[in-house]
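Heads up: the structure comes next, in structure tokens.
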Amino acid sequence: MRQLIERRRVRVTGTVQGVGFRPFVFREAVALGLVGFVFNDSDGVLVEVEGEPDKVAQLCRLLSDAAPPLARVTSVSWDEMAPTSGEERFRIIESSSSRVPNAAVSVDSATCDECLSEVDDPGSRRHGYPFTNCTNCGPRYTIILSVPYDRPATTMAGFEMCPECQAEYDDPADRRFHAQPNACAVCGPRIVFYDCAGHRIAEAESALFELVKALRRGDIVAVKGIGGYHLAADATNHGAVAELRRRKARDDKPFALMVADVEMARSLCVLDPKAEAALGSVARPIVLAPRRPGCTLAAGVAPGLADLGLMIAYTPLHHLLMAEMARPLVMSSGNISDDPIAHLDDDAFSRLGPMVDGVLAHDRPIHIRCDDSVVRATGRRLQMVRRSRGYAPEALALPGAAARQVLAVGAELKNTIAVAKDSQLVCSHHIGDLEHLATYEAFLQATVHLCRLFGVEPEVVAHDLHPEYLSTKHALELDFEPWPVQHHHAHIASCLVEHGHNETVLGIAFDGLGYGADATMWGGEFLVADFDGFERVGHLRQAAMPGGAAAIREPWRMALSWVALALGEDAAARLGETLDNRWNQVLALALAAGDQAAVQTSSVGRLFDAVAALLGLRSRVTYEGQAAIELERLARSVPREAARIYPVELSENGGLEVLDPSPLIAMVLEELRAGVNRPLIAASFHESLGRAAADLGARLARRHGLDTVALSGGVFQNARFSDTVEDALVAEGLTVLVHESVPPNDGGISIGQAAIAALGTRGP
Ligand SMILES: [Zn+2]
Ligand SMILES: [Zn+2]
């Protein structure tokens, strides 16, 4: 019987370039005795394969089932073709770059175990080489200039491979086949150590030796990594850490720590299995986890905080360094205060030079600045706090087909941008706070780069309603049709994208401040929302923000405001005397002059600030959310069951439900007078507000015939509060969508904006 032959043209989409996909296809096809070819193009990977039908079918299955570790296969589809005679083998062909790119760019990934064992092996030609990588690991997004992803389109273009590296690169059976950053000590990048005056002190192994020597004696050293420079110091050296904090003009924000491995991480923090899995993942984020009592670290690492931020070494250089140091290192982003992290060498020398005792640089350029990502282990789940290196630019699936190509410019703080087309959405790395000029410039570059990298030609630009956001102003200068998206609507939409949910939900969006559709400042919102639009159906009672923006930095002002609502202005005045002697002026301005004098806000974040101030935690903060974080820490020492329930009232205002916590504030004051301990009051505040919010959410959901509630906004980074709201809603029989892979804070805003503008059917 004549053997039947089948030929298929197979399209593979997703993150399939730069991850060893073609050699994988090659190996499997050869093993199955098939002929044909595979190549990268702008849409992903295209395979033509011919042979026995069952073998051809088997290959198609393997493409999704057995893909290499860093690949993310979105779809495998094929057409049957007429068999071609004359092909004798399977081939990998060069990339075609004739069309607009549409293929996913993969993320920067931690060094794989095989590469690490080569680095450790004295018999390997890569022994001790700090840039060892392969198709399963190494830099990607940060070195890519354009797509398709090939060496000339990366910052490795200037390094010519030595014969041995070239042989690996050309051999389909090799782990380094077409590994674009492939390099060795003979042909690849090198590390160089400079002293504080910028003099070249040592190279290669000697540079590592100098780096270790400097850190051991308590120096602060700028160390170039994957997405930028870190400022490194010995985390067990009190003097070094205090000096770093001083030189960095760092307020009280905690420093991230690098550890050698999970054992060292366990010695510092209490880790659950989810936290350990995240620490060891190829994304290698900073994981925030509870500090282990009695762990020996310099006090200045994370002042006043119950959590530490840890990451495991993720480049060969880090591994070599940690092996020598054998103790945790502070690895803080290389910037002063809140400036963007330095990633270009000249910039690093000029900005970081005066702050450090030495610089460990290398000659592989970083094209895209990419901060370390941050996730928090809440006990219940892992929650993204900053989605950047290792996660960006992995595409998110839109829950529907985009009706148009979109650029979304995000919010003002914790800015990210996003693009959407077809059924995919790509969010950038963390860009930062746009009020810094250098960050704003990075934002402008990122909007162009992301569109080019993903072949997006925007028809619309989605932006926040806030007229003063620099992102909004930029959006309105572009030639694309503007698509304004309300801030809290975007928060809820980002949660829907994450959960692939394309139906109307009751959204609870609690955060610091966002511009409302009525031009007041919102931040405690109940929205009936989907990608087409939203209706505000409830909110937190509004309170004055005495002194406007000053009330963000000085929570005592919000305390006065809430006490005035709870007990009247006289009581607020008496309290003011104990809080700050400037209260008179502020109070006169904000309260006595009437509601119109001060900005009104329904922000839940500001309510947390107020309670933190009343409990004496903070009358001033040095970073946004600091008071609320400390309030949560205080509450965590009391089990939820022990919390008391304080009253929260409901009222109505022009058809909107209003959640009024002023009786709760009155109770907080009464408990303080009665000498109740502050952790119990903090726990009771969390429990009472959380349950009241959930009760109202459940009622509104039922009223509007909805069975799903989405929680978003920066306040839901507070795990204690988020758990309370979630549990109470689940007890009401509702499905609750909680963030995990998308940040609940403003880092997720661009995702919500992009989805609304891509999927909305009614227009802006
Ligand atoms: Zn590797
Ligand atoms: Zn080489």
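Tabulated data for the structure shown
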read-out: Output for the stretch 111-127, where each listed residue is within 16 Å of ligand 2 (Cβ to nearest atom), in a loop (DSSP other than H, G, I, E, B) and either polar (S, T, N, Q) or crowded, with 17+ Cβ neighbours inside 10 Å (or both); value: 124, 126
read-out: Subset of the stretch 334-346 [under 22 Å from residue 155 (Cα atoms), within 24 Å of the chain's Cα centre (by Cα) and surrounded by fewer than 17 Cβ atoms within 10 Å (Cβ to Cβ)]; value: 344
read-out: Condition broken by residue 169, with the remaining ones in (1) open to solvent by 20 Å² or more (accessible area, probe 1.4 Å); (2) without any contact (Cβ under 8 Å) to a residue 60 or more places away in the chain; (3) more than 29 Å from residue 455 (Cβ to Cβ) satisfied; value: (3)
read-out: Sole residue being of a type in the set (D, E, K, R), over 27 Å from the mean Cα position of the chain (by Cα), at pLDDT 85 or above and part of a helix (DSSP H, G or I), chosen from 641, 630; value: 641
read-out: Members of the stretch 121-135 found to be free of Cβ contacts under 8 Å to residues at least 40 places away in the same chain and charged (D, E, K, R), listed by number; value: 121
read-out: Output for the stretch 214-245, where each listed residue is buried (at least 22 other Cβ atoms within 10 Å of the Cβ), among the basic types (Lys, Arg) and over 26 Å from the mean Cα position of the chain (by Cα); value: none
read-out: Selection status of residue 86, at positive phi, away from ligand 2 (no atom under 16 Å from the Cβ), free of Cβ contacts under 8 Å to residues at least 24 places away in the same chain and surrounded by fewer than 22 Cβ atoms within 10 Å (Cβ to Cβ); value: yes
read-out: Candidate set from the stretch 668-689 (those that are of a type in the set (S, T, N, Q) and open to solvent by less than 60 Å² (accessible area, probe 1.4 Å)); member that is farthest from residue 724 (Cα to Cα); value: 684
read-out: Helices (runs of 4 or more DSSP H) completely within the stretch 418-500 that count 2 or more residues being more than 29 Å from residue 519 (Cβ to Cβ); value: 437-453
read-out: Test: residue in the stretch 153-173 that is under 21 Å from residue 45 (Cα atoms) and within 15 Å of ligand 1 (Cβ to nearest atom); value: yes
read-out: Inter-residue pairs, beta-carbon under 8 Å, first free of Cβ contacts under 8 Å to residues at least 24 places away in the same chain and in the stretch 253-281, second among the hydrophobic types (A, V, I, L, M, F, W, C), 6+ apart; value: 270/289; 276/262; 276/265
read-out: The stretch 1-38, residues that are free of Cβ contacts under 8 Å to residues at least 12 places away in the same chain and either crowded, with 23+ Cβ neighbours inside 10 Å or assigned to a helix (DSSP H, G or I) (or both); value: 31
read-out: Residue that is most open to solvent (accessible area, probe 1.4 Å), among those in the stretch 282-304 that are closer than 16 Å to residue 385 by Cα and part of a loop (DSSP other than H, G, I, E, B); value: 284
read-out: Any hit, the stretch 55-72, residues being modelled with pLDDT under 90, open to solvent by 40 Å² or more (accessible area, probe 1.4 Å) and part of a strand (DSSP E or B); value: yes
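Yes/no per residue for (1) at pLDDT 95 or above; (2) surrounded by 21 or more Cβ atoms within 10 Å (Cβ to Cβ); (3) more than 18 Å from the chain's Cα centre (by Cα):
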residue	(1), (2), (3)
390	yes, yes, no
395	no, yes, no
415	yes, yes, no
425	yes, yes, no
437	no, no, yes
461	yes, yes, yes
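The values are calculated or read from the model by the stated rules, or taken from the named source; none is laboratory data. Every value quoted in this text rests on a predicted model; they were computed, and no experiment measured them. Quick reminder, even Gly has a Cβ in these numbers, built from the backbone with ideal geometry, and neighbours come from all protein chains shown. Just so you know, the surface numbers come from the protein's heavy atoms only, side chains and all, with ligands and any DNA or RNA stripped out. Shrake-Rupley method; radii C 1.70, N 1.55, O 1.52, S 1.80 Å.
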